[in-house]
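The values are calculated or read from the model by the stated rules, or taken from the named source; none is laboratory data. What you are looking at is a predicted structure, and each value in this text was computed from that prediction instead of being measured. Quick reminder, even Gly has a Cβ in these numbers, built from the backbone with ideal geometry, and neighbours come from all protein chains shown. These accessible areas exclude ligands, DNA and RNA; they are computed on the full protein's heavy atoms, side chains included. Shrake-Rupley method; radii C 1.70, N 1.55, O 1.52, S 1.80 Å.
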Amino acid sequence: EKDLSNIPEIDLLIIGQNPHHFLDINFATEEIYYQHLQWIRDFSLEFPNYKIYFKHHETFLGKNLRTDPTFIREQNILKGTSIITHVKSRSKNGSYAYMDRSKVICGFGSTMILEGLGHGKPGFFLDPKNKNSSHFKNKKEYRDVRINTYEDFKKKMINSINNKESKIDKPEQYCMKSENVT
């Protein structure tokens, strides 16, 4: 049963990482993670009329967000933008309700992007400089859904939001539709 009544229409949904401890892998991964947030910030400032949401996984709820260094740094990067951050879901469907209500989804490495692609939802992994080896090493099948530069990100977001780039070729290569699995 879909529970979408408390979720607004969203132009661009950013899916947060679960868990965010993956940033401890190495400094290069941490650097490009924060760079992808800077792309989102810059896009929001350039296109303030787009409705952009950053939906974190609810595992953040067990933390004191006022003292969590990752959350604080993210919010400092996004400060002054129109981006709305949600940790606690406003739907019993969790982050999936936000995905259903969005025109396009992006993130650094969330498997929800693959799930969305499997349902035909435009989605992309933001992978500055093509360096996200922690999630994509040897994953050639993801090449078409990885964005490596801000300019490419901007172009694909505008096209996806305006329904000019919405057809997903072979969605089943990413993930089966949920009604087909248990």
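Among the residues of segment 63-81, those identified as open to solvent by 50 Å² or more (accessible area, probe 1.4 Å) and either of a type in the set (A, V, I, L, M) or in contact (Cβ under 8 Å) with a residue 12 or more places away in the chain (or both) are I72, R73, G80. On the given criteria, is I161 in contact with a strand residue (DSSP E or B) (Cβ under 9 Å, 6 or more places away or on another chain), under 22 Å from F47 (Cβ atoms) and either of a type outside the set (S, T, N, Q) or at pLDDT 90 or above (or both)? Yes.
Just one of (1) in a loop (DSSP other than H, G, I, E, B); (2) under 13 Å from I14 (Cα atoms) trips up Y96, so point out which. Of everything listed in (1) in a loop (DSSP other than H, G, I, E, B); (2) under 13 Å from I14 (Cα atoms), Y96 misses just condition (1).
Check segment 54-62 and report whether any residue there is under 21 Å from N132 (Cβ atoms), without any contact (Cβ under 8 Å) to a residue 40 or more places away in the chain, assigned to a helix (DSSP H, G or I) and not aromatic (F, W, Y). For segment 54-62, residues under 21 Å from N132 (Cβ atoms), without any contact (Cβ under 8 Å) to a residue 40 or more places away in the chain, assigned to a helix (DSSP H, G or I) and not aromatic (F, W, Y): absent. Evaluating S89 against the criteria (1) open to solvent by less than 20 Å² (accessible area, probe 1.4 Å); (2) more than 26 Å from P171 (Cα to Cα); (3) in contact with a strand residue (DSSP E or B) (Cβ under 6 Å, 6 or more places away or on another chain) leaves one unmet condition, (3). Of everything listed in (1) open to solvent by 70 Å² or more (accessible area, probe 1.4 Å); (2) under 15 Å from M157 (Cα atoms); (3) among the basic types (K, R), the single unmet condition for R41 is (1).
Here segment 1-49 is the region considered, the condition is being assigned to a helix (DSSP H, G or I) and of a type in the set (S, T, Y), and the residue that is modelled with the highest pLDDT is S44. Just to verify a result, which residue in segment 104-135, among those that are within 16 Å of N148 (Cα to Cα), open to solvent by 10 Å² or more (accessible area, probe 1.4 Å) and in a helix (DSSP H, G or I), is modelled with the highest pLDDT? Here the residue is K129.
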